[in-house]
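Contents: one structure, followed by commentary.
Nothing in this text is a laboratory measurement; each read-out follows from the coordinates by a stated rule. Note that the structure is predicted; figures quoted are calculated from it, not measured. Note: ideal-geometry Cβ built from the backbone for every residue, glycine included; neighbour counts use all protein chains shown.
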């Protein structure tokens, strides 16, 4: 079974003496549970795994029961025990319970190393910030990159750009209708109905679903909130749309990039550049025929730009202190701007070999002075090379 590079990061941390709670958070179907089980196999003895995703109402008592098992195991082993709790965000007030038990073990010097897994980053992070400040390390589990899908399934770049990075859907790509049904039913609908609607107040659930469809249709394009209102009937106000876009981002489906302006208040006020975080979402939501994508130059170009944005978007989350933007001024535009560590890098994405000027990047350079300006595709950096590079490396 393929092992993601992130597994080594987790195992290295668990091999250390008990210091922090390890939190793996990310969207559905990116392999968090598989990572946990691979870690269990590598560690061997004294590992306890339990999931709150079973169809039984669970609460603080359930957490305490699992914790007691871990304490019994830890008492009989020199190296202590590892406790892995999956779908932790499903437990009401989970962070307060974990804080109490963790602090008890800290006082008693009980060697329990704790791993928490959650498929709703928004709710996981709320709990971390409210109760567990200073007690945890976050390990983001993002969508699968092209190198990972290549190494696990033998995919070339064109296949990844077409079908995205969901490992569970990989065996279905030879039957496109079945693949598309899996993406929509098992991933999108589950993320919306279980991770958003059941756990967060949404007054207009149909609007949220239509906003997701709209975001996929315009992935890689700038669309003002007023234009969204025009596209979505009975859309309510722009504040509602902005909130729903945040919820979709926290579910790992769709986000809106702010315009880079060097001033945070201007960035927040800008029209967002919509970006699906996995190309599988774009292809299925738009009903694109996968067999004809490469011949449709406009559609292929949109998919390449969307995939490039998703690749860069997954990277900054891992890097922690960096962020992704776009930039535009009049008819000049820079597709993506990566900012972090006091540096900025500008990217222009091209999907063809034709010669094309990039006045947007040149104008952006004069105004903001990026450390690098990168043309990707066409006569610039080959797409194959760009998608194998870690986004954080651009800021090194």
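Laid out as a table, the results:
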{"quantity": "Max mean-square fluctuation residue, GNM over the chain, Cα-Cα springs under 10 Å, options 27, 359, 370", "calculated": "359"}
{"quantity": "Descending semi-axes in whole angstrom, ellipsoid equivalent of the chain, from the Cα gyration tensor", "calculated": "38, 23, 22"}
{"quantity": "Net length gained if the chain between residue 199 and residue 78 were fully extended (0.36 nm per residue, minus Cα distance)", "calculated": "39.6 nm"}
{"quantity": "Gyration tensor over alpha-carbon atoms, segment 6-140, equivalent ellipsoid semi-axes in Å", "calculated": "20, 17, 15"}
{"quantity": "Helix axis angle, 297-319 relative to the chain longest principal axis, alpha carbon, degrees", "calculated": "40"}
{"quantity": "Angle between the chain longest axis and helix 238-250 axis [Cα atoms, degrees, rounded to 10]", "calculated": "60"}
{"quantity": "Segment 1-93: relative contact order as a whole-number percent, Cα under 8 Å and 6+ apart", "calculated": "30"}
{"quantity": "Anisotropy class of segment 128-218 from Cα gyration tensor, a/c 1.5 cut", "calculated": "oblate"}
{"quantity": "Taking 155, 327 and counting other C-beta atoms within 10 Å, the order from fewest to most", "calculated": "155, 327"}
{"quantity": "Theoretical gain in end-to-end length, residue 9 to residue 221 [0.36 nm per residue, Cα-Cα removed]", "calculated": "72.8 nm"}
{"quantity": "8, 366, 273, 259 arranged by Cβ crowding within 10 Å, fewest neighbours leading", "calculated": "366, 8, 259, 273"}
{"quantity": "DSSP beta bridge pairing in segment 146-395, given as percent antiparallel to the nearest 5", "calculated": "70"}
{"quantity": "Per-residue Cβ neighbour rank within 10 angstrom, fewest leading, 375, 312", "calculated": "375, 312"}
{"quantity": "Most fluctuating residue given options 20, 368, 386, as computed from a GNM of the chain linking Cα atoms under 10 Å", "calculated": "368"}
{"quantity": "Rel. contact order, % - alpha carbon contacts under 8 angstrom, at least six apart, the chain", "calculated": "13"}
{"quantity": "Calculated [θ] (222 nm, deg cm²/dmol) that DSSP helices of n ≥ 4 give over the chain, each run adding -39,500 (n - 2.57)", "calculated": "-13000 deg cm²/dmol"}
{"quantity": "Angle in degrees between helix 60-75 and the longest Cα principal axis of the chain, rounded to the nearest 10", "calculated": "60"}
{"quantity": "Max mean-square fluctuation residue, GNM over the chain, Cα-Cα springs under 10 Å, options 104, 78, 198", "calculated": "78"}
